[in-house]
1. Return the carbon/sulfur percentage of the accessible area of the chain, one whole number, probe 1.4 Å, all protein chains in place.
2. Output wanted: per-residue J couplings in Hz (rounded whole) for segment 92-97, from phi through Karplus 6.51 cos²θ - 1.76 cosθ + 1.60, θ = phi - 60°, x for Gly and Pro.
3. Mind checking the full-extension length gain between Y14 and K113? Use 0.36 nm per residue of separation minus the Cα-Cα distance, one decimal, nm.
4. Once the other residues with Cβ under 13 Å from the Cβ of Y82 are scored (Lys, Arg +1; Asp, Glu -1), what is the net sum?
5. Label points 7 Å out from Cα along the Cβ direction at N67 and N81: separation in nm?
6. Suppose accessible area is computed on protein heavy atoms with a 1.4 Å probe; arrange T36, T99 from highest to lowest.
7. Using the heavy atoms of the protein chains alone and a 1.4 angstrom probe, what is the accessible area of the chain per residue in square angstrom?
Amino acid sequence: NNNNPVNGEITVGYIPDGFELESSENQFKHIYYRYTSNDNQEFVISKFSSIMEVYLDTETGNIEIINIDEKIYSYYVDENNYNYLVWNENDYVYQIDGTISKGELLKIAETVK
């Protein structure tokens, strides 16, 4: 467990075309960047200290476990077709959620540091 605050920024190597950073926040145990597009699509990239708990409502859907290059992602879609991708890396928990596709979430996740 990492009891330290989340420092710095989230580095992202891929942002889908048409999206721009709308807002960001850096709290003691949580950083997030919110991106939006002109066609009302959105996604949020979050980085949490590992002492934070991240919840997904599994009563309305199933979690799919995805293994890419030995990195384990949990993918979930809620009843409103909002997509979530969660994984652990370097003592932090990352989450990308939004109205974009699973493929786009994975492309972004593979470039997040």
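1. Carbon plus sulfur share of accessible area: 41 percent.
2. Karplus values, whole Hz, x for Gly and Pro: 10, 10, 10, 9, 10, 9.
3. Details: separation 99, 0.36 × 99 = 35.64 nm, distance 1.12 nm.
Length gained between Y14 and K113: 34.5 nm.
4. -4
5. Taking the two extended label points, one gets 3.2 nm.
6. Result of the area sort, largest leading: T99, T36.
7. 60 Å²
The values are calculated or read from the model by the stated rules, or taken from the named source; none is laboratory data. All values reported here derive from a predicted model rather than from experimental measurement. When we count neighbours, we look across all protein chains shown, and the Cβ atoms used for this are built from the backbone with ideal geometry, even at glycine. Ligands, DNA and RNA are excluded from the accessible area calculation, which covers all protein heavy atoms including side chains. Shrake-Rupley method; radii C 1.70, N 1.55, O 1.52, S 1.80 Å.
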